[in-house]
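> Let me begin by handing over the structure; questions about it come next.
The values are calculated or read from the model by the stated rules, or taken from the named source; none is laboratory data. Because the structure is a prediction, the values reported are computed rather than measured. As a convention, Cβ positions derive from the backbone with ideal geometry for all residues, glycine included, and neighbour counts pool all protein chains shown. Note: areas computed on protein heavy atoms with side chains; ligands, DNA, RNA excluded. Shrake-Rupley method; radii C 1.70, N 1.55, O 1.52, S 1.80 Å.
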Amino acid sequence: DGAAARALARRQAALYLPVIAPLDPTLGIEPELLGRVNAAAAAYDFDAAAACISDELLARLAFAGTPAEVAAQAEALFAAGCDRVEFGTPHGLSEASGLRLLGEQVLPRLKGSQHGA
């Protein structure tokens, strides 16, 4: 379920976005948006903080979506010159099924790419 996976990833990203955004100018986050995320995170309202994270911003922060979408994100990074990607936590809606999907559907697709897993 790509939408549910992105929702979980948004909530997780909301935890660390206030810390990494000031350190990574390539994210290009508008100060007003970052202020809303910071205020929500400071109030432990991670649902509100997650609601501030667009699909575009999420794609710059995390791999999230269906296995095909995650593989496409990784392939785009390889095409842009990346030599390595890491699939960190969370590994999906459930850890076991997420790891299984990575192994069965994402990594085989990347293995066939030029930079392969």
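> So if I place +1 on the C-beta of Lys and Arg and -1 on the C-beta of Asp and Glu, and nothing else carries charge, what would the dipole magnitude of the chain be about its Cα centre? I want it in debye, nearest 20.
Working: 9 positive and 14 negative charges, 47 e Å.
Computed charge dipole of the chain: roughly 220 debye.
> Next question, about the same structure. I need the fraction of alpha carbon pairs in the chain separated by more than 22 Å, rounded to a whole percent.
Values: 2518 of 6786 pairs.
Roughly 37 percent, once rounded to a whole number.
> Under 19 Å from a point 7 Å along the Cα-to-Cβ line of T89: which residues of region 19-42 have their amide N that close?
Flagged as within label range: 19-20.
> Also: For the chain, what are the DSSP H helices with axial Cα length of 24 Å or more and mean Kyte-Doolittle hydropathy of at least -0.5? Don't skip to the end; give the middle numbers.
Numbers: long enough: 2-20 (26 Å, 0.65).
Membrane-span-like by this rule: 2-20.
> If you average the alpha carbon positions of region 44-117 and of region 15-42, how far apart do those two centres end up, in angstrom?
Cα centroid of region 44-117 versus Cα centroid of region 15-42: 21 Å apart.
> Taking only protein heavy atoms and a 1.4 Å probe, what accessible area per residue, in Å², does the chain have with all protein chains in place?
Working: 6910 Å² over 117 residues.
Ligands and nucleic acids excluded, the result is 59 Å² per residue.
> Could you look at region 1-64 and say what percent of its accessible area is carbon and sulfur, using a 1.4 Å probe and all protein chains? Could you put the intermediate results ahead of the total?
On the way: 2090 of 3630 Å².
For region 1-64, the apolar C and S fraction of the accessible surface comes to 58 percent.
> Report in % the part of the accessible area of region 66-116 that belongs to carbon and sulfur, leaving out ligands and nucleic acids; probe 1.4 Å. Please report the intermediate quantities before stating the final value.
Working: 1770 of 3180 Å².
Of the solvent-accessible surface of region 66-116, carbon and sulfur hold 56 percent.
> Okay, next question. Taking region 30-117, which chymotrypsin sites (Phe, Trp or Tyr not before Pro) meet the DSSP loop condition and have no more than 13 other C-beta atoms within 10 Å? If you can, show how the numbers build up before the last one.
Working: sites: Y44, F46, F63, F78, F87; in loops: Y44, F63, F87.
In loop regions of region 30-117 (DSSP not H, G, I, E or B), the sparsely surrounded chymotrypsin sites (Phe, Trp or Tyr not before Pro) are Y44.
> With only alpha-carbon pairs counted, each pair once and no self-pairs, how large is the Kirkwood hydrodynamic radius of region 66-116 in angstroms?
Details: mean 1/r = 0.0904 Å⁻¹.
Result for region 66-116 stands at 11.1 Å.
> Find out how many positive minus negative residues lie around R109, taking Lys and Arg as positive, Asp and Glu as negative, among other residues whose Cβ is under 14 Å from that of R109. Write out the running numbers ahead of the final one.
Values: positive: K111; negative: E69, E75, E104.
The answer is -2.
> State the answer as a single residue: which of G81, I29, A59 lies farthest towards the positive end of the charge dipole of the chain, with beta carbon charges of +1 for Lys and Arg and -1 for Asp and Glu, about the Cα centre.
In the chain, that residue is G81.
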